[in-house]
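The structure under discussion appears below in the form of structure tokens.
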Amino acid sequence: MKRFLKILKWFAITVVSIIVLFIAYALLRSQDTFDAPYPDIIASTDSSLIERGKYLVYGPAHCAYCHAPSDEFKLVEAGEIVPLSGGNIFALPVGNIYVPNITSDKSTGIGSFTDDELARTLRYGVKRNGHALLDFMPFYDVSDEDLTAIISYLRTEPPVNNPVPQNEWNFMGKIILALGMIKPSGDGIVPPSPAPDSTAEYGKYLAGSVANCRGCHTKRDMMTGSYVGIDYAGDMQFEVLDENGKIVPGKHFVSPNLTPDKETGRITYWNDEAFVKRLQTGRVIEGSPMPWGAFSRMNEEDLKALNKYLHSLQPVYSQTPIGVQEGDPE
């Protein structure tokens, strides 16, 4: 019996030691760095290309909804062009993630970045220091033309000196980093992009590469950002935000099913006219994470293309709640 207890004691000590060593390793280990090529993208001073970039940034790509200060949320919703000086915080299960300043300020923004460094970040999800970005900006398949337009416009953003803290990873976040679970999402393989028109083919490009409809209307693992649900079938849960962009405790939104399922699809019976009217109307429910202000500024042709693409999807039965939900999901 004594021998058994002695063995049990040493086994427990060994297990505890392994756990302690792993925790120490996780807390001390730096985040992985990744190598990715630099796309051959050069910012342009062409006014039409810059205007295209501005349309994408404040319209379908809705960059202002993350990169504009939270206290200017109402201005963003109203369609005003506000500086993209960052500073917003995403309070995630892995820690506090800070949105960077992307104005042309050289010390706190992107003024010192080269065009190809910015292009690499957007296309591969790899930051300037080689660390992987969380999958918040899925612009990996944006065409070279649109990527050039976006960077060209960002170069015209007036500089705003606004230092933004580094991400604050909690214990769980550091474990995830130690296990190498956060990796770049872009593979650099960009399929030929269709010319802008009102077809389902162009709608697919907008939905998947620019407007990120898939990112919110597909269920995801909030620890890693990976997709765990069926594309566009909804059921992704979001915090409710107040009029100043602050989280309202105890409530959440659930993204609806956008596939054309006859029973559970939210837009199944919307024709082009109804879809355009609803999107251009803008926000109806306060606090919704949907960037209604940005999408309301999309042109009619782009919205028709989106609607046609969503109606071309395979119907998926996915019952999701309507409106604001309180407490836990039912």
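A few notes on this one:
- Of all the criteria given as (1) open to solvent by less than 20 Å² (accessible area, probe 1.4 Å); (2) touching a strand residue (DSSP E or B) at 6+ places or on another chain (Cβ under 9 Å); (3) in a loop (DSSP other than H, G, I, E, B), the one not satisfied by Asp231 is (1).
- Test for Arg120: is it of a type in the set (D, E, K, R), modelled with pLDDT of 90 or more, more than 14 Å from Val210 (Cα to Cα) and open to solvent by 20 Å² or more (accessible area, probe 1.4 Å): no
- Output for the range 166-223, where each listed residue is hydroxyl-bearing (Ser, Thr, Tyr) and open to solvent by 50 Å² or more (accessible area, probe 1.4 Å): Ser185, Thr199
The values are calculated or read from the model by the stated rules, or taken from the named source; none is laboratory data. Predicted model only: the values in this text are computed from it and were never measured. FYI the Cβ positions are ideal-geometry reconstructions off the backbone, even for glycines, and counts take in every protein chain you see. Each accessible area value is taken on the protein alone, full model and side chains, heavy atoms only, with ligands, DNA and RNA left out. Shrake-Rupley method; radii C 1.70, N 1.55, O 1.52, S 1.80 Å.
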